[in-house]
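K.L.:
For reference, the structure I am asking about is given below.
The values are calculated or read from the model by the stated rules, or taken from the named source; none is laboratory data. As the structure is a prediction and not an experimental result, all values here were calculated from the model. We place every Cβ from the backbone using ideal geometry, glycine too, and count neighbours over all the protein chains shown. To get the accessible areas, we keep the full protein, side chains included, count just its heavy atoms, and leave off ligands, DNA and RNA. Shrake-Rupley method; radii C 1.70, N 1.55, O 1.52, S 1.80 Å.
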Amino acid sequence: MSDLFPIPEISRAATVQTIRSPGGVEAWLVEDYAVPLVAAQFAFRGGASQDAASAPGLATLLAGLLDEGAGPYDSAGFHEAIDDLAVHMHFSADRDYAAGHFQTLSKNLDAAFELMRLAVCEARLEQASIERVTAQLVASLRRELKDPDAVASRTFRAAAFANHPYGRATRGEIETMPALTRASLLDMRDRMFARDNLIVAVVGAIDAATLGAQLDRVFGALPEKSRLDPVAPVEIGGLGSRIVATVDVPQATIRFGRAGLDRNDPDFVAGIVVNHILGGGAFTARLFREVREKRGLAYSVYSHLQNYDRAAMLLGGTSTKNERAAESLAVIEEQIRDLAENGPTEDELAKARKFLIGSYALRFDTSTKIAGNLLHLQLEGRTPSYLDDRNRLVAAVTLDDAKRAARRLFGDGELLVTVAGKPVGM
Amino acid sequence: MTAQSNADTAQPKSRPGPSITHLRLENGMDVVVIPDRRAPVVTHMVWYRNGAADDPPLKSGIAHFLEHLMFKGTKRHPQGEFSQLVADLGGQENAFTGHDYTAYFQRVPREHLATVMEYETDRMTNLVLTDEVVTPERDVVLEERRMRTDSDPSAELSEAVQSALFAHHPYGTPIIGWEHEIETLGREDALAYYQRFYTPENAILVVAGDVEPQDVERLARETYGMVPARGAAPERRRPQEPVSRAHRLVTLADPKVEQATLERVYIVPSVRTAAPGESEALEVMAHLLGGGQTSALYKRLVLDRKLAVGAGAYYLGSSLDATRLWVYGVPAPGVSLQDFDAAIDAALAEFIDTRPSEKDFVRAKTRLVADAVYAQDSQVALARWYGAALATGETIEEVTGWANRIEAVTIDDVVGVARKWLDKRRAVTGFLQPEAQA
């Protein structure tokens, strides 16, 4: 099939330098001097999957404390130092990793990397800051306690991954957050922030030698080995059940999902194509046409493949008025069943391949987006050659591949469905 | 066809950044080209100088509804064809409506710019609407409203605060419209609005990406340039807000609210309505007052007095008529909204009476000026910045000179605008509170 789709001659992989600093820190670098900026993203594997069952939110709290005072600076002083240089710096925790996001004007490069070093290596984690950031996280949890989107997602997560770290709240629980201690934060930092589970991607006005020296400064002093708790592989549970969480709102917010395909599965790329046909992010997807355009049932309707390190899912959602929630779900289920039984048409497949191939370039149009993509490719265990291979793989998906992937992905059509609202007839 | 080029005057030579080309087609349509050669991609936007604040009486939401209906096809390109074309190119497309503008955009590989320009030109004048497509789309908009506003007490409060703030000006009406009026909007309303506002004189083309300005100019003449002129752009005359003399308090208590929050909104001048330098001083003042964790409000209320878990302020400068400055906060556990409100009053009074230190002042300006450099990393951000500015009556020179004007703000300017505009009589305060507190 690939002759139908001219592959651009430009190699994106060739723009990526895989560098190793004098001290042995590895990074992917794209040098680009068009704008006097440097964007860097890094991650430590681990993240919220390392939270204890009794203490969800610890990784998130740790990430939130890294810029709340470090080295010679107290919290206010550190924020002043960041603002004096107009650096963008923030930290976050996801299920499988904790990440740092960083951007600086190139004229402030050296001083900015020093601030990053302080945050990574010398964050103070003072009790007053712990209490303040905990209170901020608890307030944000309270704000979304009865938000239908958050309720539907929370209900889904708990049903899909009962008794597994992925079933816990990444950002913690209102009841348990205040009990998190400084000792547990220090312990998590010691276990997670290490050289052997560090991933770095940098894009912008910086050369390999300069970056190498900065990487040694920021990460060189970290311990060699991390000590992470293993996370068991897990299959999504609760298929066939519909769980309604009553919220007094005019709309029913629906989440649905079932097992996906592992990133290394030979059918994974075909799965991406088939999902795009069902509910991908274009005005041409089946769910968009059937749920929104034809019937006016919802503003937003989508599906996507969600892959964690130890779980693979097909996830989707919509929001529709309570009186028509059952109808919306029936339309979605019908499309999933149809794709499972008949697969996509040759025309749908051709269009999906074209979209996915052409749109890949739009993921690489700002230095922060490029750095983010390079980080995620590394987290997924890819090499830079994937930047070129990916479109070839999409182009090579045949109708048989797509039908097989659709059968595997949508199977018997059984879904876990959670609903927040007051749906009628469910 | 003649075109004026202002390219040489647009950019002070001392500043880095892209060199902008601006010209006007003979039929009155503005054309702006922003070079960005980092990727073989182009962002194509058409902005119309009309938004929700131009909705006729009884027709709130029509600007936004028409924005949805613009995807319903033309005689030459029936429904779905344009979207399918963009999808086949691997492009992105969407549209958005504000109070002052409506805009449509596509992002495609640069070699397809001419094609999207041809399609966008076609739907500027040839839109076909039938009840068959209009009726379900109205349901989509009602679902959008239910999703964004009617299921979220904090969005409901913001809507109530805005409508209390603007007693007369249409900024008080939500962009998406009031539900009972959206329900009545139909095909005829949409077409009447379309014929009035979707004209070349009322439109701005913004192209950002790896393209030559002269190529864009040629393509613009061959596409948009062929749309007949209507004579003049629609006049933008909205009811203007009288000077407000009474502070107003709006309270929303709801069992779905578990965390109290407070917002206070002041009516202040926009870039367009302000005296020279005043808008820039407001920008710096808002940053000193509430921009991040080094700001006066955060330090006073969160760090020092521990009455809040969060507090801040921001200023929306880009607006055709008088605009807004927001102050917001989340009270700490055990602090009532009434006490928190009093603490914010005290913090504001102290801010107004205390001259900012040179160090704090320089830091605020550094951050604001750097944001203009960071914006250059995103061609979409740049295209939106220029499009929104032009659609709200600013000039290219005003946009490119923004950072220089921020640099020119003095401490006295900041003290002056704080004293003049942080006047509670011009503000509405909104309390979002759990029902038990009500």
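K.L.:
Please compute the alpha carbon radius of gyration of region A:376-426, then divide it by the globular-protein estimate 2.2 N^0.38 Å. Two decimals is fine.
P.N.:
Working it through for region A:376-426, the quotient is 1.85.
K.L.:
I've got another one for you. Check each of the GluC sites (Glu not before Pro) in region A:132-232 and keep only those in coil by DSSP with at most 10 other C-beta atoms within 10 angstrom; list them in order.
P.N.:
A:GLU175, A:GLU224
K.L.:
Using only Cα atoms, tell me the angle between helix A:75-84 and the longest principal axis of chain A; keep it within 0 to 90° and round to the nearest 10.
P.N.:
90 degrees
K.L.:
When ligands, DNA and RNA are left out and all protein chains stay put, how many square angstrom of accessible area per residue does region A:173-297 have with a 1.4 Å probe?
P.N.:
Ligands and nucleic acids excluded, the result is 40 Å² per residue.
K.L.:
Between Rg and the Kirkwood Rh of region A:217-290, both from Cα atoms, what is the Rg to Rh ratio?
P.N.:
1.15
K.L.:
Compute the distance from the alpha-carbon center of region B:284-342 to that of region A:371-415, in whole Å.
P.N.:
45 Å
K.L.:
Taking the Cα centroid of region A:183-251 and of region B:169-185, what is the distance between the two, rounded to the nearest whole Å?
P.N.:
First find each Cα centre; the distance between them is then 44 Å.
K.L.:
May I ask you to derive the FRET efficiency for A:GLU346 and A:ASP412 from their Cβ-Cβ distance with R0 = 25 Å, giving the value to the nearest 0.05?
P.N.:
The pair A:GLU346/A:ASP412 has a calculated efficiency of 0.50.
K.L.:
While we're here: Given +1 on the Cβ of Lys and Arg, -1 on the Cβ of Asp and Glu, and no further charges, what dipole in debye does region A:13-219 carry about its Cα centre, rounded to the nearest 20?
P.N.:
Dipole magnitude for region A:13-219 comes out near 640 debye.
K.L.:
Could you tell me the ratio Rg/Rh of the protein assembly as shown? Both radii from Cα atoms, Rh via Kirkwood.
P.N.:
0.94
K.L.:
So, one more: Distance from a point 7 Å along Cα→Cβ of A:ASP149 to each backbone N in region A:254-282: keep the residues under 15 Å and list them by number.
P.N.:
Of the residues in region A:254-282, A:254-255 have backbone N under 15 Å from the label point off A:ASP149.
K.L.:
Given a cut-off of under 8 Å on Cα pairs at least six residues apart, what relative contact order in percent is computed for chain A?
P.N.:
So the answer I get is 22 percent.
K.L.:
Taking every eigenvalue of the Cα gyration tensor of region B:367-421, multiplying by 5 and rooting it, what semi-axes result, largest first, whole Å?
P.N.:
Equivalent ellipsoid semi-axes, largest first: 24, 14, 10 Å.
K.L.:
Let me ask something else. Compute the whole-percent fraction of alpha carbon pairs in region A:230-364 spaced more than 21 Å apart.
P.N.:
So the pairs more than 21 Å apart make up 46 percent of the total in region A:230-364.
K.L.:
Using DSSP to call loops (not H, G, I, E or B), can you name the trypsin sites (Lys or Arg not before Pro) in region A:208-285 whose Cβ has at most 11 other Cβ atoms within 10 angstrom?
P.N.:
Qualifying residues, ordered by number: A:LYS225.
K.L.:
Going 7 Å from the Cα of A:ASN163 toward and past its Cβ, which residues in region A:266-310 have a backbone nitrogen under 20 Å from where you end up?
P.N.:
Inside the label zone: A:310.
K.L.:
Now a separate question. Mind grabbing the accessible area of A:SER303 for me, 1.4 Å probe, Å², rounded to tens?
P.N.:
10 Å²
K.L.:
If ligands, DNA and RNA are left out, what is the accessible area of B:HIS168 with a 1.4 Å probe, given in Å² to the nearest 10?
P.N.:
Taking all protein chains as shown, B:HIS168 has close to 110 Å².
K.L.:
Can you check how the C-alpha radius of gyration of region B:158-229 compares to 2.2 N^0.38 Å, as a plain ratio?
P.N.:
1.67
K.L.:
Based on alpha-carbon atoms only, what is the radius of gyration of chain A relative to the globular estimate 2.2 N^0.38 Å?
P.N.:
For chain A, the normalised Cα radius of gyration is 1.04.
K.L.:
Rounded, prolate or oblate: which fits region B:128-171 when a ≥ b ≥ c are the square roots of the eigenvalues of the alpha-carbon gyration tensor, with rounded for a/c under 1.5 and prolate only if a/b beats b/c?
P.N.:
Taking the square roots of the gyration eigenvalues as a ≥ b ≥ c, region B:128-171 is oblate.
K.L.:
Can you give the translational diffusion coefficient of chain B in µm²/s, computed by Stokes-Einstein from the Kirkwood radius over Cα pairs at 4 °C and 1.567 mPa s?
P.N.:
Calculated translational D: 55 µm²/s.
K.L.:
Quick check: convex hull of the Cα atoms in region A:21-135, volume per residue, rounded to a whole Å³?
P.N.:
123 Å³
K.L.:
OK, next. Over the Cα atoms of region A:312-426, how large are the radius of gyration and the largest Cα-Cα distance (Dmax), in Å?
P.N.:
18.0, 51
K.L.:
Need one number: the % of Cα-Cα pairs in region B:206-353 sitting beyond the 19 Å mark.
P.N.:
Roughly 67 percent, rounded to a whole number.
K.L.:
Hey, could you pull the Cα Rg and Dmax for region B:284-438, both in Å?
P.N.:
17.2, 53
K.L.:
Return the FRET efficiency for the residue pair B:SER357, A:ASP196: r is the Cβ-Cβ distance, R0 is 41 Å, and the value is rounded to the nearest 0.05.
P.N.:
Efficiency, rounded to the nearest 0.05: 0.35.
K.L.:
Under 8 Å for C-alpha pairs, at least 6 residues apart: give me the relative contact order for region A:242-421, rounded to a whole percent.
P.N.:
39 percent
K.L.:
Find the Rg to Rh ratio for region B:320-388, where Rh is the Kirkwood radius over alpha-carbon pairs and Rg uses the same atoms.
P.N.:
1.11
K.L.:
With all pairs of different alpha carbon atoms counted, what Kirkwood hydrodynamic radius in Å does region B:262-301 show?
P.N.:
11.2 Å is the Kirkwood radius here.
K.L.:
First select every other residue whose beta carbon is under 11 angstrom from the beta carbon of A:GLY212; then total the charges, Lys and Arg +1, Asp and Glu -1.
P.N.:
Overall, the nearby charge balance is -1.
K.L.:
Let me ask something additional. For region A:165-268, what is the convex hull volume of its Cα atoms per residue in Å³?
P.N.:
Here the figure is 261 Å³ per residue.
K.L.:
Quickly work out the A:ASP110-to-B:GLU407 label distance, labels modelled 7 Å from Cα along the C-beta direction, and quote it in nm with one decimal.
P.N.:
Output for this residue pair reads 2.3 nm.
K.L.:
Next question. Mind listing which chymotrypsin sites (Phe, Trp or Tyr not before Pro) in region A:214-279 are in a DSSP loop and have 13 or fewer other Cβ atoms within 10 Å?
P.N.:
none
K.L.:
So, one more: In a Debye calculation with equal point scatterers on the alpha-carbon sites of region B:74-208 and no solvent, what is log10 I(q)/I(0) at q = 0.12, 0.14, 0.18, 0.20 Å⁻¹?
P.N.:
-0.62, -0.83, -1.22, -1.34
K.L.:
While we're here: Scattering from the C-alpha atoms of region A:13-219 alone, worked out with Debye: what is log10 I(q)/I(0) at q = 0.07, 0.08, 0.10 1/Å?
P.N.:
Scattering profile of region A:13-219, log10 relative to I(0): -0.23, -0.30, -0.47.
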